[in-house]
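The values are calculated or read from the model by the stated rules, or taken from the named source; none is laboratory data. All values derive from a computational prediction rather than experimental measurement. Here Cβ is always computed from backbone atoms with ideal geometry, including for glycine, and neighbour counts include all displayed protein chains. Each accessible area value is taken on the protein alone, full model and side chains, heavy atoms only, with ligands, DNA and RNA left out. Shrake-Rupley method; radii C 1.70, N 1.55, O 1.52, S 1.80 Å.
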Amino acid sequence: MRKVFLFIISFFTVVCPCLTATDTFFCYFATWATYRNGNGKVDIENIDVHLCTHVIYTFVGLSSSGDVKLLDSWHDISLGGLDRFINLKKKNPSLKLLVAMGGWNEGSTIYSNVANSPNLRSKMVSSVVNFCKKYGFDGFDLDWEYPGLRGGASTDRVAYIELLKALRTAFNNEGLILTTAVGASAHFLSSSYNAAEMVKHVHYILLMTYDLRSAYDGNTGQNSPLYSSSKESSSVSTYNVHSAVNAWIQAGANPSSLVLGIPLYGKSFTLANSNNNGLGARTTGPGPAGPYTETPGTLNYIEVCEKHLQGGWAIVWDNDQKVPYAYKGNEWIGYDNIDSVKEKTEYAISRNLAGVMIYSLEQDDIRGICGNGEYPLMSAIRSTLNNGGGMDPSTTTKEPSITTSTKSSSTSSAISTTTKSSSTSTILPPPSGTVCQDVGYARDPNKCNIFYRCEKNLQGGFKETQFDCGNLCFDLNRNVCNYCTSVTC
C-alpha cells in the first residue's frame, strides 16, 4: 500500500495564554450581518465553532467618560446577541471569545481624549474588565483607528502605549487576553504605533493587511496583495502584505506576536475602458454595490462568487501578487479566493508569525452556494494551519472556474481561470455532448484534473459547473482533488 508523506513545517510556539502558532486563527464576526437578506444574512448560530481558535464580536464603543458603550443595544441586549455569542462555548468549550472595541466608524477623537487622561484611562480599563467579566468574554480587542490620526492628537502614540500597559496589568489579574488591531502599512509606525513597546503589553497584534488600495485611486489595484507587482508603479510598491510584515518586524515587533490579517472581501472598480482590464488599468470610480454589503467598491466573497456563477467572468491569477482578479465588461474585482488565502497562511507559517486573522467570517460562503462546501475560505485556512503549510489532499480544492452548459448545448464560452503555473490560462468548455449523466460529480473524460458538479436544469438536462484541481487529479471514489499517484485516471 502506497503512502503519501506530507512534510510539515515545524516552528516555535507562542508564549501566551493561548495556543501554538500552528493553530492560532482569529475570526472577526460583524454583528450587522444579522440584518442582511438572502445568502448575506449570517447570525451567531451560523458560526462554525471548530474552524477558528478565537472569535471576536464586533463592535462595542467608548463613551467620552471612558465607559464601554453599546453600539447596537437592540442586537446586543434585546435580541440577546452578547449572551448568545458566549453560548458558543457550549458547542466548543476550548473556543476563545473576545469583544472588539472601536472600528472605523468610531473614529479616533474619543479614544485620544480617554487615552491621554490618566483618570479616564483608568476608568476605561475598569469598565472593560467589568464588561468582559459580566458577559464571560475571554479577552478584549482594541481597534482604535487610528492613534494620532482622524481627530487624534500628536501625543497619541505615547498615550496608546500607556493604555495598553494599563489594560495588560489589569488583564493579567483576571486571566484575560489582550489583542489590538492595527493599520499595517509602514507609515502607521511613525504616526500611530511604537511596535517595540506594544509587544511588551499585548498578547497579539492583529495586522489589518487589507484595504491597501481604494476604488478611488484611479487605477485597478488589489485589496490585499501578498507581494508587489512589476506592473505597478514604485509609489505603491510597499502596499502589500510582505512589505507590511517586514516593516513591523524591523520596527521591533516579535514575529510570535504578529497575526496576519486576511480579508474575506474584495475591492471593485469601474474600468474606464473595458478592453484595458489588467492590473493598474484606468478606472472611473468604484464598482456597483453588491446585494448584501450595499457598498459601492466593496464586495464580500459570497457576492463575488455569486457573480461568477452567473457566467461570463474572466478570472486571472496574478502570479506576482499571489491573488486573483476578475473582470466582466467594465467591472473589475480584486479579491481573495481559496488559493490566495492558502498562500497567505503558508506565508504566515514560513515567517513564524503567531497565526492568521480574518475580517470577517460572515463574508465567507457559509452555505456552500458556490461549490466548494460551507466556509470554503476559512476551511482552507484551517486546513493549511493544521498541516503546517503542507497540503491535505482530502480537503484541497482549487478555486472553481465557472462555466455552464446543458444537454441542448454542446459548447460554452471558455473563460480564464486561476493557475499557479502562469499568470493566465484557459479552461476549455466541456467535451461535445455532455459529461453529466446523473446528479453529483463527474470527471472530464479527457483531463483527469477537470471535473464537473452536475445539477438538473429546467430543460430536463444538466447544468454542468466546471472545476479545476490544478496539479492534482479528481478522485471519483472520494469526490475530492487528490494526488495523481493515488487516483486511477
Selection within segment 48-98 - buried (at least 19 other Cβ atoms within 10 Å of the Cβ) and assigned to a strand (DSSP E or B):
H54, V55, I56, Y57, T58, F59, V60, L62, V68, K96, L97, L98
Could you list all residues from segment 272-300 that are open to solvent by 10 Å² or more (accessible area, probe 1.4 Å) and under 11 Å from I333 (Cα atoms)?
N277, G278, L279, P286, P288, T298
For S401, state whether it is surrounded by 23 or more Cβ atoms within 10 Å (Cβ to Cβ) and either in contact with a Leu (Cβ under 7 Å, 6 or more places away or on another chain) or modelled with pLDDT of 95 or more (or both).
no
Among the residues of segment 166-187, is there at least one that is touching an Asp or Glu at 6+ places or on another chain (Cβ under 8 Å), of a type in the set (S, T, N, Q) and open to solvent by less than 10 Å² (accessible area, probe 1.4 Å)?
yes
Would you confirm whether any residue within segment 117-135 is assigned to a loop (DSSP other than H, G, I, E, B), charged (D, E, K, R) and modelled with pLDDT of 95 or more?
no
Which condition breaks for P225 when tested against (1) touching a Gly at 6+ places or on another chain (Cβ under 6 Å); (2) open to solvent by less than 40 Å² (accessible area, probe 1.4 Å); (3) part of a loop (DSSP other than H, G, I, E, B)?
(1)
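Whether any residue in segment 460-474 is open to solvent by 20 Å² or more (accessible area, probe 1.4 Å), modelled with pLDDT of 80 or more and not hydroxyl-bearing (S, T, Y) is what I want to check.
no
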Mind checking which pairs have a first residue in segment 93-121 that is over 23 Å from K134 (Cα atoms) and a second that is among the polar types (S, T, N, Q) and assigned to a loop (DSSP other than H, G, I, E, B), Cβ under 7 Å, 6 or more apart or different chains?
I110/S64; N113/S64; N116/T155
With the structure loaded, tell me whether S235 is over 22 Å from V304 (Cβ atoms) and touching a strand residue (DSSP E or B) at 6+ places or on another chain (Cβ under 8 Å) or whether it fails that test.
no
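Residue check: is F7 open to solvent by 50 Å² or more (accessible area, probe 1.4 Å), modelled with pLDDT under 50 and of a type in the set (A, V, I, L, M, F, W, C)?
Taking the combined requirement at face value, the residue satisfies it.
Each row is one residue, and each column tells you yes or no for (1) on the phi > 0 side of the Ramachandran plot; (2) of a type in the set (F, W, Y).
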| residue | (1), (2) |
| --- | --- |
| G285 | yes, no |
| P291 | no, no |
| N300 | no, no |
| G312 | yes, no |
| N319 | no, no |
| P324 | no, no |
| Y327 | no, yes |
| E331 | no, no |
Check off (1) closer than 17 Å to I358 by Cα; (2) open to solvent by less than 40 Å² (accessible area, probe 1.4 Å) for H203 and give me the number that stays unchecked.
(1)
The residue that is farthest from I110 (Cα to Cα), considering only those in segment 135-156 that are surrounded by fewer than 19 Cβ atoms within 10 Å (Cβ to Cβ) and touching a residue at least 12 places away in the same chain (Cβ under 8 Å), is G136
